[in-house]
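The values are calculated or read from the model by the stated rules, or taken from the named source; none is laboratory data. Here the structure is a predicted model, which is why all the values come from computation and not from measurement. Neighbour counts are summed over all protein chains in view; Cβ atoms, including those assigned to glycine, are modelled from backbone coordinates with ideal geometry. For the accessible areas, the whole protein counts, side chains as well, though only heavy atoms, and no ligand, DNA or RNA atoms are used. Shrake-Rupley method; radii C 1.70, N 1.55, O 1.52, S 1.80 Å.
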Amino acid sequence: MVELRGITVKNKVKIVRIEKGGLTQSEFAKKVGVTRQTMNLIEAQKYNPTIQLCLQISKYLDTSLDELFWIEN
């Protein structure tokens, strides 16, 4: 869970990654152009990816951006 000035950004990248082909974290990270460590932090909700990376992840997983990332009130 990442907090940005009182805004909590959540994601379900790990769940969708596993459901949509079962790639390892390392394999998926290579596909979207980041390190495994970065993907680990994203999936653990400890790192807020750029919008460009969010779009790449969304595109690769063939899932809408708002299904993968959302703001929790």
Using the heavy atoms of the protein chains and a 1.4 angstrom probe, tell me the accessible area per residue for the chain in square angstrom.
67 Å²
Derived scalar couplings ³J(HN,Hα) [the range 10-22; Karplus, 6.51 cos²θ - 1.76 cosθ + 1.60; whole Hz; x for Gly, Pro]:
10, 8, 10, 4, 4, 4, 5, 4, 6, 5, 9, x, x
Placing unit charges on C-beta atoms (Lys and Arg positive, Asp and Glu negative, everything else neutral), compute the dipole magnitude of the chain about its Cα centre in debye, rounded to 20.
240 debye
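Between Lys30 and Ile7, take the C-beta separation as r, use R0 = 22 Å, and let me know the FRET efficiency to the nearest 0.05.
It comes out at approximately 0.15.
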The answer for Thr8, listing residues at least 5 apart or on another chain whose modeled amide H is closer than 5 Å to its amide H, is Glu72
Over the chain: Rg over Rh, Cα atoms, Kirkwood Rh
0.94
When all protein chains stay in place, what accessible area (Å², nearest 10, 1.4 Å probe) is found for Leu65?
60 Å²
Relative to the longest principal axis of the C-alpha atoms of the chain, give the angle of the C-alpha long axis of helix 51-60, reported between 0 and 90° and rounded to the nearest 10°.
40 degrees
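For the chain, what % of the accessible area comes from carbon and sulfur atoms, probe 1.4 Å?
That share works out to 51 percent.
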Proximal lysines to Lys20, defined as alpha-carbon separation beneath 21 angstrom and excluding residues fewer than eight positions away on the same chain:
Lys10, Lys12, Lys30, Lys31, Lys59
